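Read the figures in this text as sums done on the coordinates, not as results from a lab. These figures come from a predicted structure and were not determined experimentally. Here the Cβ positions follow ideal geometry from the backbone for every residue, glycine too, while neighbour counts run over all protein chains shown.
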Amino acid sequence: MGHKTGTLFRDDSYLKETEASVVAINERGGIILDRTIFYATSGGQPGDTGHLERADGSRVAIAATITGETKEEIIHVPAPEQAALAAGERLRLVIDWPRRHLLMRMHTACHLLTVVCSYPITGAAVSEDDSRVDFDIPDVGFNKEDVTARLMELVRADHPVFIREISDEELSANPGLVKSKNVRPPSGTGRIRLVCIGQDGTVDSQPCGGTHVKSTAEVGEIHIGKIEKKGRENRRFRIRFGPLPAT
C-alpha cells in the first residue's frame, strides 16, 4: 500500500521551500517524503523539479515528480548519480521557482481559454512556453486574433484566482462545473477542489488539482499561436507567452 504525502502546494502554490523528512526510498530510488511542495505530474501539468538539501549542505537534484501507487503518494525522482538518502533524514526542499511560476501562469491561462471557448475539453497539456487545450468543436468559428483579444481582456481585468472546496454531492448537483468531456474529477474523498476565477467564482469555477497564480493579471501577456484541426470535431488551441506576432 502506498504512502500518503502531505501536499503543501495545494494550500499555497507560492511556497518555494520548506522542510520535510524522508519516509521511504522505493525500489527505483524514488524519494518519498512526509510532505512536499513539489507538484506531481497530473492533469496535464508536469511535475516540479528542484533539489533537496541535506544537513551537511549537499544537494540531491530532483529531475521529476510523479505519483506512486496512489495519487496521494508523491515520488521525487532524483537525477542520475545523486547521493542516496536514508529513511528518517531531514531535508530542506527547494523547487525550481522560475519554472513553477511559468507553469502556474500557463495553467491559469488554460482556464481562461476555457472561458473564451466554452466547449467540452478533450485534452490539455501545460508547459513553460507552449501549452494546448483541445475542444470538441464541430465547426471552428474562432480565429487567433479574436481569441487572443478576449483572453487579454480577462487578463487585464485582474480577476482574483482562488481555491474552494465543495462536496461530492454539490458537484453531482452542478455537473456543468466539469468541463472535460472524458475525464471526471476523483470522487469519494468527500471534498472536490475547485479553482475559481472572479469575485465569488463568477468568471469560472472548475475542478482542478493544479497550481495557479493569484490573479489573472499575473498571467501576463499571452496569445493564441495556432488553432489546429485534430479530427472531425476536435480543435487544438495553442497558448504562448508574449504578444501576438504581426502577420
From the cross-link list Lys16/Lys181; Lys181/Lys214; Lys144/Lys229; Lys144/Lys214; Lys181/Lys230; Lys4/Lys214, which pairs have alpha carbons spaced over 22 Å apart? Lys16/Lys181; Lys181/Lys214; Lys144/Lys214; Lys4/Lys214
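Which order do Arg132, Arg92 fall in if you start with the one that has the fewest other Cβ atoms within 10 Å?
Working: Arg132 20, Arg92 15.
Fewest-to-most ranking of Arg132, Arg92: Arg92, Arg132.
Are there any GluC sites (Glu not before Pro) in the range 24-70 that are in a DSSP loop and have at most 16 other Cβ atoms within 10 Å? List them by number.
Working: sites: Glu27, Glu53, Glu69; in loops: Glu27, Glu69.
Those that pass, being in a loop and sparsely packed, are Glu27, Glu69.
Rounded to two decimals, what is the ratio between the C-alpha radius of gyration of the range 120-171 and 2.2 N^0.38 Å? Write out the running numbers ahead of the final one.
Working: Rg = 15.0 Å, N = 52, 2.2 N^0.38 = 9.9 Å.
Compactness ratio reported: 1.52.
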Exposure proxy ranking, count of Cβ atoms within 10 Å, fewest first, for Met104, Met152: Met152, Met104
For the range 100-241, compute Rg over Rh where Rg is the Cα radius of gyration and Rh is the Kirkwood radius from the inverse mean 1/r over Cα pairs. 0.95
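What number results when the radius of gyration of the range 6-95, computed over Cα atoms, is divided by 2.2 N^0.38 Å? Write down the numbers at each step before the final one.
Details: Rg = 11.8 Å, N = 90, 2.2 N^0.38 = 12.2 Å.
Here the answer is 0.97, to two decimals.
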Label-to-label distance, nm, for residues given as Asn174 and Asp130 (7 Å Cα→Cβ offset): 3.6
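Most exposed first by the Cβ proxy, i.e. fewest other Cβ within 10 Å, how do Leu194, Leu177, Leu52 rank?
Values: Leu194 21, Leu177 17, Leu52 25.
By the 10 Å Cβ count, ascending: Leu177, Leu194, Leu52.
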Taking a crude spin-label model, label points 7 Å out from Cα along the C-beta direction, the Ala84 to Ala217 distance in nm is 5.3
